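The values are calculated or read from the model by the stated rules, or taken from the named source; none is laboratory data. Note that the structure is a prediction, hence the values are computed from the model and not measured. Virtual Cβ from ideal backbone geometry, glycine too; neighbours counted across all protein chains shown. Calculation scope for accessible area: heavy atoms of the full protein, side chains included, ligands and nucleic acids excluded. Shrake-Rupley method; radii C 1.70, N 1.55, O 1.52, S 1.80 Å.
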Amino acid sequence: MDKFTRLSAIAAPLPMANIDTDMIIPQQYLKTIKRTGLGVSAFSNIRYHDDGSEREDFILNKPAYRKAEILIAGENFGCGSSREHAPWALKDFGLKCIIAPSFADIFYGNCFKNGLLPIKLPQETIDLLLDDASRGANAIITVDLENQEISGPDGGKVSFEIDPYRKHCLLNGLDDIGLTLEKKDKIKDFEAQKRLSQPWLFKD
Amino acid sequence: MTTNAKTLYDKLWQSHIVDVQEDGNCLIYIDRQIIHEVTSPQAFESLRAAGRTLAHPEAMLAVPDHNVPTSADRATAINAEDSQIQLDTLERNCKDFKVDYIPMMDARQGIVHIVGPEQGFTLPGMTIVCGDSHTSTHGAFGALAFGIGTSEVEHVMATQTLVLHKLKNMRVDVDGEVGKGVTAKDIALAIIGKIGTAGGTGHVIEFTGSAIRNLSMEGRMTLCNMSIEAGARSGIIAPDQTTFDYVMGRPQSPKGAAFEQAVAYWKTLPTDQGALYDKEIFLRGEDIVPQVTWGTSPENVLPITGIVPNPDDVTDKDRKIAMQRALDYMGLTAGQKLQDVKIDRVFVGSCTNGRIEDIRAVADVVRGKKVHDNVTAWVVPGSGLVKLQAEEEGLDKILRDAGFDWREPGCSMCLAMNADKLEPFERCASTSNRNFEGRQGQKGRTHLMSPAMAAAAAVTGHLTDVREL
Ligand code: SF4
């Protein structure tokens, strides 16, 4: 998995609430057996006209934000379907960090598995960042995961909370299956116990 | 008040802890995983690439559902190459990794969340996962069931565990008796209307109260299915005699003495007296009337007797904008009576309402009546077994006589991944679970409701209070 340590990038404001995963990547693009290639279809319903041309009013189509790597969004970001295609699409598009007042649980977890950093901040702080982000390419925002700190273009800093295990995996680009497999013996012991107490669960 | 009293969720959680990490996260044992064609290929691909194997292929069940055609000629009907690739990939992966696979043409095929319970693959007390958010459905059995992303699908495949943090306990209590024409779907929508689509975020919802206990297993599954629409990853209901009766005798459920032993264990699962919840919500069954959504989020819901709300009536700026956007998308005007809204299509089906009881409810409403001339109405059974049972009961005949299209099982127009979809601006009375923009087809307009309400709308051609039909 890709590491995430520190990122200085343009941030795009998309202050809509309840941006669901159907909106992030509509169902017609789910018929893939790969993780890559979904970036062009990210947000397609609000990003393109019916004829496939770009909508000028969509923030990520504006010249100042085409290279944005941070997205600042409204509450309950990523609600709806559990499709991991949503973080795959955002990542393939070039985004690396999503900042919002709240996230849907499954989406939030899926981000970490793909080297994408979701950051929860109170609405007042988001409002300040949205203000910064509205200045387009002139406003570089820096996200420092090690120190759990975001600095705005004017040097103001805010700190954020993050689960230490997830932070550790992201900082080091660790594959958590590998980490879990190190606990193989514990899993085996647990299974042995369970075979005794709930034998009906085991078919072999 | 005893301090060591536990909730159902606490018990399910604690009985699956393999390891507690220093940071407080837990390694949780997963008893069962169900997979389908859309969210599993990338997991198998990475597993192969890393040279890993499945920890317990026998604890998995695979069935294609999202992409399968639901027309009578389904065996030859897939015309999209990418759909065929996903279906073939699932079949090949299951063969390579020795996973129990139900092919599309098998009578048991259907939507994952309908097939699992039907086969007795879903049992109380288990942890069950699937790469699909409506896995919460299985919580109806008193199992901890939740949707996961593809990376987690792979993690379970390789280790039979997941790294999770414990969520909070929330109780939604619905006491009293619901009136005639009010179903589990109406209870679910009324709850979402009350707490909002983020109301359950970070929580597992346990549904309690006499209105819940009086629900059949089908109704309980409908309710738990929609918990994700209330923001909760899981919804659970304590197992009781209704649960045990449903489970008994299913192909994969325990038999004889093993069943008795299992029931004795399952009876220890319900929440202890005095256990504490972090959040509690109370509704009265008598207060719930048939519900219908008017917007593009399940929380945009109102009693069928209501009128389309006015964005000018809300003060919050963001909410006002969202509301106006929803009305524009849905082609509705503030102040319009919901019952006057004309519809073009009816979709009865999905993992929310594609079970036998749902089809019976539709047949009851339309018996001897006709689908309105301006309406195209479909019933898509949730599984082949549901379809067979409905046919044995003669329900298909009632529906066909009324003018319904009686189709083959699958997700169909719940998410429009195949030929089954709305045309732009078509308006649909749907028994599915999501009314997001484009969910049932680009620019399609969805009104969520119960099967009985959808049937009533099919007959009159507009949104209708089934109690008055
Ligand atoms: S019926 Fe709809 S909600 Fe249920 S699994 Fe299929 S697509 Fe998902």
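The table that follows gives values for the structure above.
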{"quantity": "nm² value of the averaged projected area, convex hull over the Cα atoms of the range B:248-354", "calculated": "12.2"}
{"quantity": "Mean projection area, nm², convex hull over Cα of the range B:1-57", "calculated": "6.4"}
{"quantity": "Dipole magnitude (debye, nearest 20) for chain A, charges at Cβ of Lys, Arg, Asp, Glu", "calculated": "800"}
{"quantity": "The range A:101-141: mean projected area of Cα convex hull, nm²", "calculated": "3.4"}
{"quantity": "Computed over the range B:1-121: relative contact order in percent, which uses C-alpha pairs under 8 Å that are six or more apart", "calculated": "26"}
{"quantity": "0 to 90° range, to nearest 10: angle between helix A:184-197 axis and chain A longest Cα axis", "calculated": "60"}
{"quantity": "Taking the range A:12-124 and dividing mean pair separation by its residue count, relative contact order in percent (alpha carbons under 8 Å, at least six apart)", "calculated": "31"}
{"quantity": "Chain lengthening between B:Asn4 and B:Ile85 when straightened (0.36 nm per residue, less Cα-Cα)", "calculated": "24.0 nm"}
{"quantity": "Relative counts (whole %) of C-alpha pair distances in the range A:115-204, using bins that are 5 Å wide", "calculated": "3, 10, 16, 13, 11, 9, 8, 7, 6, 6, 5, 4, 1"}
{"quantity": "Of B:Pro290, B:Gln273, B:Val263, farthest towards positive along the dipole that unit charges on Lys, Arg, Asp, Glu beta carbons give chain B", "calculated": "B:Pro290"}
{"quantity": "Neighbouring partner chain Cβ atoms per residue of A:27-39, average, 10 Å criterion", "calculated": "6"}
{"quantity": "Rounded to the nearest 20 debye, dipole of the range B:313-397 from Cβ charges on Lys, Arg, Asp, Glu", "calculated": "200"}
{"quantity": "Value of [θ]222 nm, deg cm²/dmol, for chain B, DSSP H segments ≥ 4, -39500 (n - 2.57) each, nearest 500", "calculated": "-9000 deg cm²/dmol"}
{"quantity": "Cα-based shape type of the range A:24-64, given that a ≥ b ≥ c are square roots of the gyration tensor eigenvalues and the cut on a/c is 1.5", "calculated": "prolate"}
{"quantity": "Average other protein chain Cβ within 10 Å of Cβ, residues B:7-15", "calculated": "0"}
{"quantity": "The range B:373-419: C-alpha gyration tensor shape, a/c 1.5 cut-off, then a/b vs b/c", "calculated": "oblate"}
{"quantity": "Residue-by-residue Karplus 3J(HN,Hα) for the range B:59-65, coefficients 6.51, -1.76, 1.60, Hz, glycine and proline x", "calculated": "8, 10, 9, 10, 8, x, 8"}
{"quantity": "The range A:121-174-the range B:410-469 distance, computed between alpha-carbon centres (Å)", "calculated": "41"}
{"quantity": "For the range B:332-469, the Rg and Dmax computed from alpha carbons only, in angstrom", "calculated": "13.8, 45"}
{"quantity": "Share of Cα-Cα pairs in the range B:123-257 lying beyond 22 Å, as whole percent", "calculated": "37"}
{"quantity": "Reciprocal mean inverse distance between Cα atoms of the range A:13-81 - Kirkwood radius, Å", "calculated": "13.0"}
{"quantity": "Gyration tensor over alpha-carbon atoms, the range B:322-382, equivalent ellipsoid semi-axes in Å", "calculated": "27, 16, 10"}
{"quantity": "Chain B - convex hull of the alpha-carbon atoms, volume per residue in Å³", "calculated": "153"}
{"quantity": "Coordinate range along principal axes, alpha carbons of the range B:1-104, Å, largest first", "calculated": "62, 36, 22"}
{"quantity": "Semi-axis lengths (Å, descending) of the ellipsoid that matches the C-alpha gyration tensor of the range B:95-202", "calculated": "29, 20, 12"}
{"quantity": "Relative contact order [Cα under 8 Å, 6+ residues apart], chain B, whole percent", "calculated": "17"}
{"quantity": "Zone residues, the range A:52-74, relative to A:Asp131, backbone N less than 18 Å from point 7 Å out along Cα-to-Cβ", "calculated": "A:72-74"}
{"quantity": "Mean ellipticity per residue at 222 nm, deg cm²/dmol - from DSSP H runs of n ≥ 4 across chain A, formula -39500 (n - 2.57)", "calculated": "-8500 deg cm²/dmol"}
{"quantity": "Cleavage-rule hits, GluC sites (Glu not before Pro), the range B:319-424, DSSP coil, Cβ neighbours within 10 Å at most 14", "calculated": "B:Glu393"}
{"quantity": "Separation of the B:Ala49 and B:Lys267 label points, Cα + 7 Å toward Cβ, nm", "calculated": "5.1"}
{"quantity": "Principal axes of the protein assembly as shown: Cα extent on each, largest first, Å", "calculated": "72, 62, 58"}
{"quantity": "Value in Å of the Kirkwood radius, where the range A:29-156 supplies the Cα pairs that are averaged", "calculated": "15.5"}
{"quantity": "Interface residues, the range A:161-186 - accessible area loss of 40 Å² or more versus chain alone, probe 1.4 Å", "calculated": "A:Tyr165, A:Ile177, A:Thr180, A:Leu181, A:Lys183, A:Lys186"}
{"quantity": "Loop sites in the range A:1-85: GluC sites (Glu not before Pro), DSSP, at most 15 other Cβ within 10 Å", "calculated": "A:Glu56"}
{"quantity": "Loop sites in the range A:21-56: trypsin sites (Lys or Arg not before Pro), DSSP, at most 14 other Cβ within 10 Å", "calculated": "A:Lys34, A:Arg55"}
